[in-house]
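To start, the structure under review is shown below, and the notes come after it.
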Amino acid sequence: MASYFIKRIGQAFIVLIGVTLVTFVLLNIIPGDPVAVMLEKNSSPVLVANLRHEWGLDRPLPVQYGQFLLNAVTGNLGKSYFEKRDVIGMIFSGLSVTIRLGGLAFVFSIVVGLSCGVAAAVFRGKLIDRVLMTFAMLGISLPVFWISVVFQIVFGLYLHWLPISGIDSALGYVLPTIALGSTYTGSMARLVRTSVLEELSQDYVKTARSKGVRESFIIVKHVLRNAAIPVVTLSGTQIKSILGGSMIVETIFSISGIGKIAINAILVRDIPVIQGTVLYTAALFVLINLIVDLLYGVIDPKISVAS
């Protein structure tokens, strides 16, 4: 177990170094200058040079990257060029909102997707199966931004049931949560249906039925447990996808999460904010992968850490 954790920590370190390096290179090869974005076109060369020196943009690129890594190790990601705020504070403020929204979308996709998948498998070939799988395909096929805009128009502008921007109250989370979780709900429902159908055809299910065991007990106690491995794998992927998709949803619904902060920083080339958000997002993804790997052994003891 100890060697496994050491190996995974080493892999995580390499991944984070690679992510930061690629991000740094891309930020410096694409056209545009944050100083030019901030200042007017007729600004004096002296003012431009002073600002570039203040931000450290006049130093060699390897020195800039090395300084970023050194500061990141100590928890110092610098200050935003445009908002003059500590990047670490901006990240934690936005990350709390994103995790809350992503967590709600994840729970929504798990609960609804699991319920629909089991119901479709139990009533295979019947009307409820076809209806549920039709909605699942719609959820998978329709893009998140389209669903978000339709929800805003229907439930916000026409029906006036729910707010269409901001999260000033608990109701503000309803539309973004459903819009963000709809795609993953459809994927979860289809996978659960397939996994449950495969388990229902196994001999142990036929034996349990012949002994008079209730169908609900068979599904909950045995079938779902044995069908959980692919579901856990998809859940780990969904968490990462939800965090990525939250950028679009947060922008459409004007939610000040990590996604909206990152997109705003990209538009004005706020380099410290971009590097900070990418670093923390990558670290979160690495942590999720590790948790998913460990859950395999919890669900199925036959899967060891070594394997």
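Only the coordinates and a few stated rules stand behind these numbers; no lab work does. Predicted model only: the values in this text are computed from it and were never measured. Here Cβ is always computed from backbone atoms with ideal geometry, including for glycine, and neighbour counts include all displayed protein chains.
Observations on the structure shown:
- Residue-averaged [θ]222 nm for the chain, counting only DSSP H segments that reach four residues, each worth -39500 (n - 2.57): -24000 deg cm²/dmol
- Whole-angstrom gap from the range 198-267 to the range 102-168, using each part's C-alpha centre: 14 Å
- Debye log10 I(q)/I(0) at q = 0.26 Å⁻¹ for the range 214-278, Cα point scatterers: -1.03
- Counting only Cβ charges, +1 for Lys and Arg and -1 for Asp and Glu, the dipole size of the chain around its Cα centre is about 920 debye.
- Highest-MSF residue in the chain out of Thr74, Thr98, Thr134 [GNM, Cα springs under 10 Å]: Thr74
- Cα convex hull, the range 87-299: 132 Å³ per residue, rounded to a whole number.
- The lysine pair tally for the chain, using Cα distances under 27 Å and a gap of 8 or more places or different chains, is 17.
- Loop-located trypsin sites (Lys or Arg not before Pro) across the range 37-124 with a Cβ neighbour count of 11 or fewer within 10 Å are Lys41, Lys84, with loop assigned by DSSP.
- If you look at the Cα atoms of the range 19-143, you get an Rg and a Dmax of 24.5, 75 Å.
- Choice from Leu180, Leu267, Leu138 showing the highest fluctuation, given a GNM over the chain with Cα pairs closer than 10 Å: Leu267
- Of the three principal axes defined by the Cα atoms of the range 58-201, the extents in descending order read 67, 43, 23 Å.
- Choice from Gln202, Gln238, Gln64 showing the highest fluctuation, given a GNM over the chain with Cα pairs closer than 10 Å: Gln202
- Residues whose placed amide H lies under 5 Å from that of Lys79, excluding near-sequence neighbours: Val87
- 10 Å Cβ shell holding at most 16 others, DSSP loop, GluC sites (Glu not before Pro): longest site-free stretch of the chain: 84-307
- The range 140-193: chymotrypsin sites (Phe, Trp or Tyr not before Pro) in DSSP loop, at most 14 other beta carbons within 10 Å: Trp161
- Arranged from fewest to most other beta-carbon atoms within 10 Å of their beta carbon, Val15, Val87 become Val15, Val87.
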